[in-house]
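Written out below as structure tokens is the structure these notes cover.
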Amino acid sequence: MRAVQVLEFGSYELADVAEVADPVAGPGQVLLDIHAVPLNFVDLLVIGGKYQFLPKLPFTPGKGPAGIVRALGAGVTSLAVGDRVLAMAEYGGYAEKIAVDASQCYRLPDALSFADAGAASLVFDTSWFALRERARIAPGETVLVLGATGGVGLASVQLAKAMGARVLAGISSLAKADIALAAGADEVIDLSAADLRESLRAQVYAVTDGKGVDIVLDMLGGDIFDAAIRALAWRGRLVVIGFAAGRIPTIKTNYLLVKNIEVSGLQVSDYRKRRPEQVAECYREVFGFFEKGTLKPLPHRTMPLEDFRAGLKMIEERKTTGRIVLLPR
């Protein structure tokens with residue numbers, strides 16, 4: 001089969017498509033024909049050797065592929081050959097086939113094509129755990145989503161609305177406002193405004209009657225984190241999801257005490273490993289929303305497997321909105 005091969009950690013430019021042996025489904029696994037797999041910022045970290053969980057070299061990158069079950073390993077009874085599934089594989093997705101634990105596979109609803117499922121992969125589960133598990137969202141609360149036009153951001157805007165929240169979309173440019181509003185955001189917050197430390201809070205207070213937001217989802221970090229935490233309401237919760245802006249911020253804990261606020265972190269891979277039953281609950285709700293039409297597929301563009309470097313370059317340089325999905329077949 002064809003698969004992207006990483007022979008050494010470093011630049012994705014060093015990786016290439018190669019012919020490799022087909023994987024075989026072991027006990028408890030299924031063999032999947034991959035029809036779509038998303039490109040993610042985290043893939044850059046894994047290929048570069050900068051992620052907290054690194055595979056052994058050589059390896060094929062790519063998390064969260066979608067495809068068709070073609071063979072069952074010993075002991076698998078939860079799936080059948082021909083099932084359409086989303087697989088929460090940690091790597092191996094930039095390929096035509098993958099062997100993955102059956103317990104990490106979730107049947108796709110008819111409402112999602114493979115490309116749509118690839119666009120949903122890794123972002124809606126991240127958003128769900130941020131909102132349901134870490135932030136304990138309640139209907140009627142106000143959520144500020146930072147980086148709202150990225151993959152996790154767009155998923156979070158939609159999912160927070162589906163869960164009954166009012167949503168403010170933090171965007172890097174007002175030129176992207178239409179994207180956030182089309183996803184369901186009620187208001188936009190301009191993260192490019194001057195004196196962000198003061199202007200972000202002022203914008204939030206202006207649309208919340210001076211109360212602030214109940215929840216902040218932060219994919220960016222840096223100066224944006226420093227500004228956003230000041231916009232939390234009393235008993236507000238901020239969830240740290242990533243540091244796409246570059247700098248990892250710090251906080252003085254007396255600030256948490258004075259405002260009775262919380263800051264928590266989300267590493268969603270840990271839930272897949274430690275609480276698979278909760279991941280199943282996540283996908284039951286998310287896929288249920290898709291079947292009802294409450295959630296819509298994220299905007300995305302598709303590329304053939306051979307164009308993975310071009311896609312990763314676009315993500316690295318932040319020259320895309322929505323998702324990029326590889327179609328290995």
Residue among Gly236, Gly221 that alone is farther than 28 Å from Pro299 by Cβ, surrounded by 16 or more Cβ atoms within 10 Å (Cβ to Cβ) and in contact (Cβ under 8 Å) with a residue 12 or more places away in the chain
Gly236
Scan segment 33-68 for residues that are in contact with a Leu (Cβ under 6 Å, 6 or more places away or on another chain) and more than 20 Å from Leu305 (Cβ to Cβ) and jot them down.
Tyr51
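Scanning for something surrounded by 18 or more Cβ atoms within 10 Å (Cβ to Cβ) and out of contact with any helix residue (DSSP H, G or I) (no Cβ under 9 Å at 6 or more places or on another chain), does segment 242-257 turn up at least one residue? Quick ask: steps written out before the conclusion?
Applying the first criterion (surrounded by 18 or more Cβ atoms within 10 Å (Cβ to Cβ)) to segment 242-257 yields 242, 244-245, 249.
Now restrict to residues that are out of contact with any helix residue (DSSP H, G or I) (no Cβ under 9 Å at 6 or more places or on another chain): none.
Scanning segment 242-257, I find no residue that is surrounded by 18 or more Cβ atoms within 10 Å (Cβ to Cβ) and out of contact with any helix residue (DSSP H, G or I) (no Cβ under 9 Å at 6 or more places or on another chain), so the answer is no.
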Unmet requirement for Ile248, which otherwise passes all of (1) aliphatic (A, V, I, L, M); (2) more than 18 Å from Ile137 (Cα to Cα); (3) in a strand (DSSP E or B):
(3)
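So that you can scan it fast, the table gives a plain yes or no per residue for (1) of a type outside the set (Gly, Ala, Ser); (2) modelled with pLDDT of 95 or more:
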site	(1), (2)
Ala175	no, no
Ala185	no, yes
Leu200	yes, yes
Tyr205	yes, yes
Gly210	no, yes
Arg230	yes, yes
Flag if Ser113 is more than 17 Å from the chain's Cα centre (by Cα), on the phi < 0 side of the Ramachandran plot and polar (S, T, N, Q):
yes
Regarding segment 202-218, can at least one residue be identified that is charged (D, E, K, R), assigned to a helix (DSSP H, G or I) and buried (at least 18 other Cβ atoms within 10 Å of the Cβ)?
no
Among the residues of segment 11-21, is any in contact with a strand residue (DSSP E or B) (Cβ under 8 Å, 6 or more places away or on another chain), β-branched (Val, Ile, Thr), part of a strand (DSSP E or B) and outside the structural domain of Phe243 (by TED's automatic domain parsing)?
yes
State all residues of segment 121-148 that are within 12 Å of the chain's Cα centre (by Cα) and farther than 16 Å from Leu266 by Cβ; if no residue qualifies, say none.
Ser121, Ala148
Which members of segment 40-88 meet the condition of being of a type in the set (Gly, Ala, Ser) and under 21 Å from the mean Cα position of the chain (by Cα)?
Gly48, Gly49, Gly62, Gly64, Ala66, Gly67, Ala87
Within the bounds of segment 132-149, is there any residue that is in a helix (DSSP H, G or I), at pLDDT 95 or above and crowded, with 24+ Cβ neighbours inside 10 Å?
no
If a residue must be within 24 Å of Val42 (Cβ to Cβ) and either touching a residue at least 60 places away in the same chain (Cβ under 8 Å) or touching a Lys or Arg at 6+ places or on another chain (Cβ under 9 Å) (or both), how many such residues does segment 71-107 contain?
21
Tell me the residue from Leu154, Leu181, Leu174, Leu196 that is surrounded by 23 or more Cβ atoms within 10 Å (Cβ to Cβ) and outside the structural domain of Asn40 (by TED's automatic domain parsing), please.
Leu154
Given Asp125, Asp116, which one is among the acidic types (Asp, Glu), buried (at least 20 other Cβ atoms within 10 Å of the Cβ) and under 21 Å from Asp218 (Cβ atoms)?
Asp125
Against the definition (touching a strand residue (DSSP E or B) at 6+ places or on another chain (Cβ under 7 Å), within 18 Å of Lys273 (Cα to Cα) and outside any loop (DSSP other than H, G, I, E, B)), how does Val4 come out, yes or no?
no
What residue, of Glu285, Glu277, is acidic (Asp, Glu), under 21 Å from Ala119 (Cβ atoms) and not assigned by TED's automatic domain parsing to the domain that holds Gly147?
Glu285
Could you figure out which of (1) farther than 21 Å from Pro304 by Cβ; (2) surrounded by fewer than 23 Cβ atoms within 10 Å (Cβ to Cβ) isn't true of Cys105?
(2)
Filter result (in a strand (DSSP E or B) and among the charged types (D, E, K, R)) within segment 78-112
Arg84, Lys97, Asp101, Arg107
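The values are calculated or read from the model by the stated rules, or taken from the named source; none is laboratory data. Just so it is clear, the model here is predicted, and its values are computed rather than measured. Here the Cβ is made from the backbone with ideal geometry for all residues, glycine too, and neighbour counts use every protein chain on show.
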